[in-house]
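Chemist: Have a look at this one before I ask anything.
The values are calculated or read from the model by the stated rules, or taken from the named source; none is laboratory data. Just so it is clear, the structure is predicted and the values come from calculations on it, not from any experiment. In this analysis, Cβ positions are derived from the backbone assuming ideal geometry, glycine residues included, and neighbour counts consider all displayed protein chains.
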Amino acid sequence: MEITQNQLEAHNDRASKAHQQSFNFIAATQQRVEEVISKLISFQVAIPSWALGTGGTRFGRFSGGGEPRSLDEKLADIGLLHRLNQSSGAASLHIPWDVPQDYAAIRQQAQHYNLRFDAMNSNTFQDQPDQAHSYKFGSLHHADPAVRKQAVEHNIEVIRQGIELGSDTLSIWLADGSCFPGQLNFRKAFQRTLESLQEIYAALPEHWKVFVEYKAFEPNFYSTTIGDWGQSLLFANKLGPKAFTLVDLGHHLPNANIEQIVSLLLMEEKLGGFHFNDSKYGDDDLTAGSIKPYQLFLIFNELVEGLDARGLDHATGLGWMIDASHNVKDPLEDLLQSVDAIMLAYAQALLVDRDALTAAQDNNDVTLCQEILQDAFRTDLRPVVREARLRAGGAANPVGLYRELQIRQQLISERGLKTVATGL
Ligand SMILES: [Mn+2]
């Protein structure tokens, strides 16, 4: 199904009066609203193909119905999101879950929805039915060279798929690690991983990048071979200028200062991309901004400051992606909420008075530093995010229009109630 221009305009007309009142107020009280709007319009967040169906836990999975059954239907779902918010103009695919049957047709479909292909994700955390060797004890770090070779070749195959689609980034997350003390020689595991990554790196086309993602724990619960940003940075530095660290917000030990990690990686020119989500405990993969919105704002505050310090374009300087899983919500509604939270945190960070903050920092005026940050965070910028969305051609209230048009019910009638999307 597709949303028509008439449906969009009728919805926006109904919201127009209330929106204008709230927007006029903020535009009259904040000087830099136009600059914020133009940056918001450029900013796009990639939607992961694996988050379009209902996720699950190791205890169960409860399908919501109407889930996409193919790559075509996944792109159609991302097209719907982008139509509603005009901020989801990219897709992040996962191989082998999303192997295209017909590249030209998939490229054409993406063009129809005005989507581009962001980072391609490899998968060596599961065994596929046709593979010769098991990843039960790891992939790129495995003691057996035949397993490592299979995992390296898979990653090179993902690069090849990405070239066909016009992507320029390979994103690697490894489940490799150990569950018990003594299981693994840490040094050898690191060195084997480095050698495997070097082989993959050598296969990158000229303009490509590789993102090395880290994760503190899970599925291994004693050690992870790329467990934190230091280990990822070691690999990225040893690999070369096309290798970067990827920060997934849910992949840290509790209470880690993620904004400081982001700031320093950006300074070192080694921050490559982001996986947005939120968490209370671990890798909860909850809706961005649903648990710790102030942390999300503080992260964006460092991103804006660091990107500006290096003269990088906010929209293209890093890879912006969501990595989430939806167990109890409609995945499409959840993704709309995540993108909205990301745009809001970004808008608030753009509003921070940088000059005043720098002066307060230099004067050790701790109270004023906090006042400046919290003033931006507590300013209701929802009308500004909405205005940017409307000017870009989106809906005043994406979740509202999604419900008014009963999109989930339509997807169920098109695809069936018992469909299961490939993914986690
Ligand atoms: Mn991730």
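Chemist: Say we look at the range 281-301 and pick out the residues that are within 24 Å of residue 231 (Cα to Cα) and touching a residue at least 60 places away in the same chain (Cβ under 8 Å); which of these is surrounded by the fewest Cβ atoms within 10 Å (Cβ to Cβ)?
Modeler: Of everything passing the filter in the range 281-301, 282 is surrounded by the fewest Cβ atoms within 10 Å (Cβ to Cβ).
Chemist: When you scan the range 350-363, do you find a residue that is closer than 25 Å to residue 87 by Cβ and among the polar types (S, T, N, Q), even just one?
Modeler: no
Chemist: Kindly provide the set of residues from the range 221-252 that are more than 15 Å from the ligand (Cβ to nearest atom), surrounded by 21 or more Cβ atoms within 10 Å (Cβ to Cβ) and under 23 Å from residue 285 (Cβ atoms), ordered by number.
Modeler: 225
Chemist: Ok, one more. For the range 190-214, which residues satisfy the criterion of being part of a loop (DSSP other than H, G, I, E, B) and touching a Phe, Trp or Tyr at 6+ places or on another chain (Cβ under 7 Å)?
Modeler: Selection gives 214 alone.
Chemist: Given (1) more than 13 Å from the chain's Cα centre (by Cα); (2) part of a loop (DSSP other than H, G, I, E, B), where does residue 325 come up short, assuming only one miss?
Modeler: Tallying (1) more than 13 Å from the chain's Cα centre (by Cα); (2) part of a loop (DSSP other than H, G, I, E, B), residue 325 fails exactly one: (1).
Chemist: Pull up the range 254-280, narrow it to residues that are assigned to a loop (DSSP other than H, G, I, E, B) and within 16 Å of the ligand (Cβ to nearest atom), then point me to the one that is surrounded by the fewest Cβ atoms within 10 Å (Cβ to Cβ).
Modeler: 256
Chemist: Still on this model: Could you identify the single residue in 108, 44, 101, 20 that is free of Cβ contacts under 8 Å to residues at least 40 places away in the same chain and part of a loop (DSSP other than H, G, I, E, B)?
Modeler: Numbers: 108 fails: part of a loop (DSSP other than H, G, I, E, B); 44 fails: free of Cβ contacts under 8 Å to residues at least 40 places away in the same chain; 20 fails: part of a loop (DSSP other than H, G, I, E, B).
That would be 101, the only listed residue that is free of Cβ contacts under 8 Å to residues at least 40 places away in the same chain and part of a loop (DSSP other than H, G, I, E, B).
Chemist: Ok, one more. With the requirement that a residue be within 16 Å of the ligand (Cβ to nearest atom) and either of a type in the set (Asp, Glu) or part of a helix (DSSP H, G or I) (or both), what does the range 156-189 give you?
Modeler: Scanning the range 156-189 gives 158, 176.
Chemist: Residues of the range 190-218 being within 16 Å of the ligand (Cβ to nearest atom) and among the hydrophobic types (A, V, I, L, M, F, W, C), which ones?
Modeler: Within the range 190-218, 210, 211, 212, 216, 217 qualify.
Chemist: Looking at residue 152, is it at negative phi and away from the ligand (no atom under 16 Å from the Cβ)? Don't jump to the end; show me each part of the working.
Modeler: Numbers: at negative phi: yes; away from the ligand (no atom under 16 Å from the Cβ): yes.
So residue 152 fits the description; yes.
Chemist: Residue check: is residue 317 over 18 Å from the mean Cα position of the chain (by Cα), more than 30 Å from residue 65 (Cβ to Cβ) and either part of a loop (DSSP other than H, G, I, E, B) or free of Cβ contacts under 8 Å to residues at least 60 places away in the same chain (or both)?
Modeler: Numbers: over 18 Å from the mean Cα position of the chain (by Cα): no; more than 30 Å from residue 65 (Cβ to Cβ): yes; either part of a loop (DSSP other than H, G, I, E, B) or free of Cβ contacts under 8 Å to residues at least 60 places away in the same chain (or both): yes.
So residue 317 does not fit the description; no.
Chemist: Consider only pairs whose beta carbons are under 6 Å apart and that are at least six residues apart or on different chains; among these, list those whose first residue lies in the range 203-215 and is under 18 Å from residue 151 (Cα atoms) and of a type in the set (S, T, N, Q) and whose second residue is at pLDDT below 95 and away from the ligand (no atom under 16 Å from the Cβ).
Modeler: none
Chemist: Going through the range 325-369 one residue at a time, which ones are at pLDDT below 95 and either of a type in the set (Ser, Thr, Tyr) or within 16 Å of the ligand (Cβ to nearest atom) (or both)?
Modeler: The answer is 325, 326.
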